[in-house]
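Worksheet for the structure shown next.
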Amino acid sequence: MSHSRIPSFYKFSVANRLRVLLEREVIDEREYEMLVDGSHMMDASQADRLIENVISVFGLPMGLGLNFQINGRDYLVPMVVEEPSIIAAVSSAAKIVRGAGGFESHAERPLLIGQIQIVGVPHAAHARQALLQNAQEILDLANSLHPNMVARGGGAREIEVHTHGSTAAHGEMLVVHLLVDTRDAMGANLVNTMCEGAAPLVEKVSGGRVFLRILSNLTDRALVRSKAVIPTARLAAGDYSGEEVRDGIILANEFAEMDPYRATTHNKGIMNGIDAVAIATGNDWRAIEAAAHAYAARTGRYSSLTRWYANAAGDLVGELDIPLKIGTVGGQVESNQAVKIAHRVLGIQSAAELAEVMGAVGLAQNFAAIKALSTHGIQRGHMTLHARSVAMAAGADAAIFDDVVDRLIAAGDIKVWKAREIIAELEDTARLEQVNTSTNTHQDVIEHADTAGDIGYGKIILLGEHSVVYGRHAIAAPIPLHVRAEVTAQANHIDLVIPRWGVEMRLAEPERAISSLHASITLIAERLGLADRGMRIDVFPHIPRANGLGASAALAVAVIRAMARCFDIEISEREISNLAFDCEKIAHGTPSGIDNTLATFGKPILFRRDNANSRADIQDLTTPHPIPVVIGLSGVATLTMQTVGSVRAAWQKNPERYESIFSQIDALALAGAEAMRKGDLVELGELMNIDHGLLNALQVSSREIEELVQIARDNGALGAKLTGGGGGGAMIAISEPDRCQAIASAMRSAGYNTFITEIR
């Protein structure tokens, strides 16, 4: 398993992200507890010992750059930064480069330059010659001041003498450069000490007067060279071919090479990544910035730090040369627990290795930026993240945060005042819901965190996938995930907006006619007599798309309810379910009817469809105590229509064999219903395991699902199987309550997203 690849990491809660790091042994138990309770943060009393006039401690977000492979090794890269999109962009870029073999990065021997200024020299040429002849004596004196550094293999290596001509009032000026290998230390203090200690000898040898004695932050003797080679096939983006993206990136870089105004922003993007790593690892990001920009102007004209070109094979090649003198010991690293944890996460062994990582991060950041600029533009990638910042600034709490973000994007007016307006509306709706339900004795089977508006329920199938299409029984239950819809009347046109799925369409547009989503919404409008009415449909899905959890049926149900509410149309629950079933025919071809039934009624059922009479036999299922369920997401999107179609094709070729399998699954479902009524988890789990074996016989599983099933069983699951159409998507496991966390943790450790729920 790849160390830096954590699928769907961005979808995890902060708590689950930390748990993944613990389970992968990226951090230890003590560090995990510190990150959970915030004790890794520096307090005011500690800060008071570091700087002057302390009044408080200022916080910045720390995240992880993912997917990095550098010199054949995986890295999770801690980054401290306040700007949205930086970490997302660099992780995406690293994923592309990873698929092409990863980054190559090489750090030179890290030499820091100390400068000793000499003025009032009687004869500059003679003084220069004398200093060079006495170089070893000067080096020996400098090294005597830091014997420990010398013992670790570092120390002053050589001197250079530069002449600068006459000053206004102090005659000829010479500058001695003391080149010092500071090993894993940043080295500023020790180089300054060496310069001051060597100054009397330099004065004596040169015959002049020493004035300034201090390090230089132009660290061009500590260069890092990072490189990536990306085949054009990996560059294709949307409507842009790989060749178009490659040529656009090259042209964008040529702009930065020629124009200092463009180069400034170009290089700032590089530093977005490097500075973030520098801050996380306790390094002097200001010194790094100064060195980088000075180096960019080394030819006398400020230019790009990167070079992008096509090699003989047509691949895109990116190279970054940048001075990076950084440290992994001393000062900040030792005094700041947050920095210590960042080093632990990164797992570097030396300052040179850290510099190589930082170089790769800078190149990745540059690639992400100019790829976006040369295709769809930079703003698209910023919008969602900008909306998140605005929602936070407006005070949106966790329960409504995602909804506020979605509505901001949908409104196209991403402002704090707009976010506050949305928050007020959502809070008013929630209060009304609370009042309405407080007088109602009916309790939903599951509690939903966000039920403002009209919803359709998500589902899992415990037993009976695929066979249910052929008139056999299946058991299904709701999950605490749903799709919510809101409909508002407008003058004309039907507009559909689903921000989380990247959907924004107008139903009148003919090019959309091939879309099943377009066709389903059109069908709903026609059946409700609203085809000629203008409306805006906002959909907020809390169900991952194409994962076998009933997202399409839930969307249809939510939209039907929202349309009916908006236009004051009376429609029964059964009519909603039937209309959603017709939408499912568009989405899946030959649905059983179980998804739309669960999406509408939201309770556990034993379901069988009588295909001959087009009727469904639906029995409510109850259990004496809740059944704990762990749901694991494979990360592989799947289309139910495809898996149902492949099973149908196999059935048509050999109906006798497949009817036998369907009948066996049917018997399992009937036995499972009885086990649920008795509350017999062991029996239900065994039936699920057998069912999964039969689904394998139908060839609808996947490598990821099989891995998840095995992980669940190895960690105490009583039963584990795929759920839904298969081919990827999701799996479910049941267990005793005290084993759920262990099962979920093991899945997350393997890189999968998961959550725990229950059937009741």
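Bear in mind that the values in this text are calculations on the coordinates, not laboratory data. In this text, all values refer to a predicted model and were calculated from it rather than measured experimentally. Cβ atoms come from the backbone with ideal geometry, glycine included; neighbour counts cover every protein chain shown.
Relative protection proxy for 30-43, 204-217, 361-374, from highest mean packing down: 361-374, 204-217, 30-43 (other beta-carbon atoms within 10 angstrom).
Fully extending the segment from Asn696 to Gln136, taken as 0.36 nm per residue of separation minus the present Cα-Cα distance, adds 194.0 nm. Treating the angle as unsigned and between 0 and 90°, give the value, to the nearest 10°, between the Cα long axis of helix 260-280 and the longest Cα principal axis of the chain. The answer is roughly 80 degrees. A value for Cα extents along the principal axes in Å was derived from the coordinates, and within the list (i) 156, 68, 42; (ii) 88, 54, 53; (iii) 111, 58, 57 it appears as (iii).
Cross-link check: pairs Lys459/Lys678; Lys459/Lys585; Lys11/Lys95; Lys11/Lys371; Lys11/Lys585; Lys268/Lys371 evaluated at a Cα-Cα cut-off of 20 Å; pairs beyond the cut-off: Lys459/Lys678; Lys11/Lys371; Lys11/Lys585.
Using the Cβ-Cβ distance between Ala399 and Phe58 with R0 = 25 Å, the FRET efficiency computed as 1/(1 + (r/R0)^6) comes to roughly 0.35. Each residue of the stretch 130-137 is assigned a 3J(HN,Hα), and the resulting list reads 5, 5, 5, 5, 9, 4, 5, 5 Hz, derived from the Karplus form 6.51 cos²θ - 1.76 cosθ + 1.60 (θ = phi - 60°), x at Gly and Pro. Volume per residue of the convex hull around the Cα atoms, evaluated for the stretch 627-759, comes out as 91 Å³. The residues packed around Gly242, meaning those with a beta-carbon under 15 Å from its beta-carbon, carry a net charge of -2 if Lys and Arg are +1 and Asp and Glu are -1.
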